[in-house]
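The values are calculated or read from the model by the stated rules, or taken from the named source; none is laboratory data. The model shown is predicted, which means the values in this text are computed figures rather than measured ones. Virtual Cβ from ideal backbone geometry, glycine too; neighbours counted across all protein chains shown.
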Ligand SMILES: C[C@H](O)[C@@H](O)[C@@H](O)C(=O)CO
């Protein structure tokens, strides 16, 4: 029976984020500690809450190693995940530690704590470090109490993951089978390249696929540098970016310009973002990469505004033209598929998704989203639990209600984006969705897939969800088929989820079947995680 735990709170590397998120973390910790103490468990915070920096988070790997070195080797550790955090800051300590580990998140949308939890869980799974996990909104509900009690008593939590079903490739026939075969043959015929600029993003150890796992698939990484992208960006003339801005505004996209670059979006920021857009297209073309990922958040964030606008546009088939030196247009009418935050699980997935969707005559756009939060629909329009999928701004405009005309661009929040830059913001249009995730565990590649429906919610409910999360970012109201909130959380091994639309439910089922089969033929372990509507 566990009667004493050490509590660890990992944070961001960005001081501004740690300071702003600290009050919410304190509220969460108070609830968590009260829940533990109510069960007779004493709690020692493994590092001080009061610091000269003005927050009580671990903010570097060096600090993380020191904190863990001070925890008795066999002691139980509770990781309190209330914010987005950099997993490498605690991964070393957790790998060296011998005692049981419980990761806990508060079910709140204000800061990406659930996203942080899923990142840490996926990172621990990839590293082969055992852990248990749980979450709650109030920390006094029966579901949480039962699971916390289980961990304290048995050291494990038996989550319900009965929705996970090994994929039976032999069940796929017809066009889906043909297309899977064609796509796999196409990849194997020559091999394909995944471009990645400054691999590894914000501690997303889980988002790095070892090359050795990609070689057998005939997928190879081209490692590029964000410094090269910066240089390439400066080579793009401002007039070219201004033409792209005209192109976007002519199609109805709105930019909310202000004057104070510290907190508001300025035209100068957007012009730089659109120079970056052309630069990425030219680099992708020059290196012949099939998909490309940029970490942005550290390094490039110090010299250029957010990459999200460029990323969202590149992910769209219809986008401002970018020409080569000879005047020809780079991948005209095609996306240059980009994986946000250099998350290679998403990159590999996007590579398959675009090829499968194209071959089946379905929309070729795809993006990752953060699994940010979710809630019952307060308007009562939809009975199901509705997830908030929300990434920091890189969504193809074709996803949004109204396309470009329904897309606006707001300044990225200063806590993460000191150089500013606009988002690609909108509400994802209702429709049929295939979701998936590729991740690494046990030295192997795995893929989970499922079906979902994007639902329409009343404007007031959308605003409530935006206000509860990050209103500057694009939002998707997703209802996952055949998997409950807690089943999904228990299983999912990433802070991200990959999504793509199909024209109708039957087409989405076909895309899912073809994608699952192609992944299986490439050697991934494939599971279906909810394909039937409840
Ligand atoms: C800006 C933030 O750091 C976000 O990028 C973060 O919450 C993520 O998107 C993590 O997937």
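Details
- Single unsatisfied condition, residue 329 versus (1) more than 23 Å from residue 503 (Cβ to Cβ); (2) touching a residue at least 12 places away in the same chain (Cβ under 8 Å): (2)
- Conditions (1) surrounded by 24 or more Cβ atoms within 10 Å (Cβ to Cβ); (2) under 25 Å from residue 341 (Cα atoms): number failed by residue 483: (2)
- Of the residues making up region 324-372, those that are within 13 Å of the ligand (Cβ to nearest atom) and in a loop (DSSP other than H, G, I, E, B) number 3.
- Which listed residue is crowded, with 22+ Cβ neighbours inside 10 Å and within 16 Å of the ligand (Cβ to nearest atom), from 148, 118: 118
- When the residues of region 188-204 are filtered to those that are under 27 Å from the mean Cα position of the chain (by Cα) and surrounded by fewer than 20 Cβ atoms within 10 Å (Cβ to Cβ), the one that is modelled with the lowest pLDDT is 200.
- The condition of being assigned by TED's automatic domain parsing to the domain that holds residue 407 and without any contact (Cβ under 8 Å) to a residue 60 or more places away in the chain holds for residue 271.
- Residue 155 falls short on exactly one of the conditions (1) exposed (fewer than 14 other Cβ atoms within 10 Å of the Cβ); (2) more than 30 Å from residue 311 (Cβ to Cβ), and that condition is (1).
- Scanning region 459-495 for residues that are out of contact with any strand residue (DSSP E or B) (no Cβ under 6 Å at 6 or more places or on another chain), in a loop (DSSP other than H, G, I, E, B) and under 20 Å from residue 382 (Cα atoms) yields 468, 482, 483, 484.
- Criterion (within 13 Å of the ligand (Cβ to nearest atom) and touching a strand residue (DSSP E or B) at 6+ places or on another chain (Cβ under 9 Å)) met by exactly one of 386, 395, 382: 395
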